[in-house]
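Comments concern the structure below.
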Amino acid sequence: AGDPNEVFLGYRQGYMISHSDDNQGDFILYAKGAPLTTLSIFAYALHDDRPFEQLNRTIGWHNRVRYRSPSNYDGSPAGGPASQVHAHHFSTSVDYLRGMEDGDQRWTRQILFLKAREAGGPDYFVFRDSFDPLGDPAETPPAELLEPKWWNLRTLGETKHLKISKDRIRYTSPYGPWLNVYFLEPDSIQTKVEHASYSGELYYQAALNWRKAGSPVVPTKKEDDLSGNLSDVKDEMTVTAVGPIAPGQDILVILYPLKPGEADLNFLQLAEGVV
């Protein structure tokens, strides 16, 4: 922490949506001096039928899974009272967490963060998403209790920052660094990509931080020293939905942030769920 190249992942899992979004299993990732997946700069981005709310209804918004179709918003998938981080472990070389929710089916997300000796080294994440049926298997066969799903990734900027192949997504940040997303299970992917942008005002500390960072500003007429109000601040987001992925199929993904010119990741899959 404190190094300009530090890697930071924030994970969200819990049973509360009163003053937030239904973002169980969502995460943000900063690495190599840049945001690689982040939230909107605007509060309540998914309200009042604004462009990001329309994007959410069409394809998704949070870095999580959706069932049945990319547009299945399904009201409020908060995951039930079981939704929380059920296990975690931190060490000097690897961090681990396991989150779980009971929604349409039981979804378990495990994340390994494998850390370099120093900031700026080869840091990477391994995600495994697993799915188990809810309900009485004596009444309904387990296979019928599971559904196809889509794995979502939210990135900053336009669709031009993405390059997608049969088993990989490469995101090139407008700030320079890359994020390589490798799919091991399934080993080939289909994707749907949508983009939205929203312009609005920033106020108070958010406006002051925006100005301090040297970001583009258009002052408002009501600007004052306390709030530093800014107008016409633009936020752009792209969501990539990977799917459909077969019912019951685990999802095994590696996220590797790097800078142009750094070596790509070498990995070998030994068996199902083992890499």
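The values are calculated or read from the model by the stated rules, or taken from the named source; none is laboratory data. Since we're looking at a predicted model, the values are computed, not measured. Note: ideal-geometry Cβ built from the backbone for every residue, glycine included; neighbour counts use all protein chains shown. All accessible areas refer to the heavy atoms of the entire protein, side chains included, with ligands and DNA or RNA removed. Shrake-Rupley method; radii C 1.70, N 1.55, O 1.52, S 1.80 Å.
Those residues that are open to solvent by 20 Å² or more (accessible area, probe 1.4 Å) and charged (D, E, K, R), I need them from the stretch 101-138; list them, please.
Matches in the stretch 101-138: Asp102, Asp104, Arg106, Lys115, Arg117, Glu118, Arg128, Asp132, Asp136.
Taking the criterion of being outside any strand (DSSP E or B), more than 20 Å from Arg128 (Cα to Cα) and open to solvent by less than 30 Å² (accessible area, probe 1.4 Å), would at least one residue in the stretch 80-100 satisfy it?
yes
Any idea how many residues of the stretch 59-86 are among the aliphatic types (A, V, I, L, M) and at pLDDT 90 or above?
3
Among the residues of the stretch 154-169, is any assigned to a loop (DSSP other than H, G, I, E, B) and closer than 27 Å to Gly14 by Cβ?
For the stretch 154-169, residues assigned to a loop (DSSP other than H, G, I, E, B) and closer than 27 Å to Gly14 by Cβ: absent.
Does Ser227 satisfy being in a strand (DSSP E or B) and modelled with pLDDT under 95?
no
Evaluate the following for Tyr182: is it within 27 Å of Asp49 (Cα to Cα), aromatic (Phe, Trp, Tyr) and either open to solvent by 70 Å² or more (accessible area, probe 1.4 Å) or part of a strand (DSSP E or B) (or both)?
For Tyr182, the condition - within 27 Å of Asp49 (Cα to Cα), aromatic (Phe, Trp, Tyr) and either open to solvent by 70 Å² or more (accessible area, probe 1.4 Å) or part of a strand (DSSP E or B) (or both) - is not met.
Looking at Asn63, Asn72, which is the one that is free of Cβ contacts under 8 Å to residues at least 24 places away in the same chain and either under 30 Å from Ala246 (Cα atoms) or surrounded by 18 or more Cβ atoms within 10 Å (Cβ to Cβ) (or both)?
Result of the check over Asn63, Asn72: Asn72.
Here is a check on your reading of the model: is Thr191 hydroxyl-bearing (Ser, Thr, Tyr) and either exposed (fewer than 13 other Cβ atoms within 10 Å of the Cβ) or farther than 22 Å from Arg66 by Cα (or both)?
no
Restricting to the stretch 3-18, what's the tally of residues that are over 22 Å from Ala213 (Cα atoms), among the small types (Gly, Ala, Ser) and either open to solvent by less than 60 Å² (accessible area, probe 1.4 Å) or under 13 Å from the mean Cα position of the chain (by Cα) (or both)?
1
Take the residues in the stretch 19-44 that are of a type in the set (Gly, Ala, Ser) and open to solvent by less than 40 Å² (accessible area, probe 1.4 Å), then tell me which one is nearest to Lys115 (Cα to Cα).
Ala31
Residues that are of a type outside the set (Gly, Ala, Ser), out of contact with any strand residue (DSSP E or B) (no Cβ under 6 Å at 6 or more places or on another chain) and assigned to a loop (DSSP other than H, G, I, E, B): does the stretch 230-246 have at least one?
Among the residues of the stretch 230-246, not one is of a type outside the set (Gly, Ala, Ser), out of contact with any strand residue (DSSP E or B) (no Cβ under 6 Å at 6 or more places or on another chain) and assigned to a loop (DSSP other than H, G, I, E, B), which makes the answer no.
Give the residue that is nearest to the chain's Cα centre (by Cα), with candidates limited to residues of the stretch 248-262 that are open to solvent by 70 Å² or more (accessible area, probe 1.4 Å) and touching a residue at least 24 places away in the same chain (Cβ under 8 Å).
Per the criteria, the residue is Lys259.
Can you tell me which residues in the stretch 104-124 are of a type in the set (A, V, I, L, M, F, W, C) and within 25 Å of Pro177 (Cα to Cα)?
Matches in the stretch 104-124: Ile111, Leu112, Phe113, Leu114, Ala116, Ala119.
So the check is Cβ under 9 Å with 6+ separation or different chains; which pairs have a first residue in the stretch 33-45 that's closer than 14 Å to Trp210 by Cβ and a second one that's of a type in the set (D, E, K, R) and open to solvent by 60 Å² or more (accessible area, probe 1.4 Å)?
Phe42/Glu201
Considering the stretch 149-161 alone, what residues qualify as being open to solvent by 10 Å² or more (accessible area, probe 1.4 Å) and either in contact with a Leu (Cβ under 9 Å, 6 or more places away or on another chain) or under 30 Å from Gln105 (Cα atoms) (or both)?
Trp150, Leu156
Do you know which of the residues in the stretch 191-212 that are touching a residue at least 60 places away in the same chain (Cβ under 8 Å) and either among the charged types (D, E, K, R) or not in a strand (DSSP E or B) (or both) is nearest to Asp167 (Cα to Cα)?
Looking at the filtered set, the residue picked out is Lys192.
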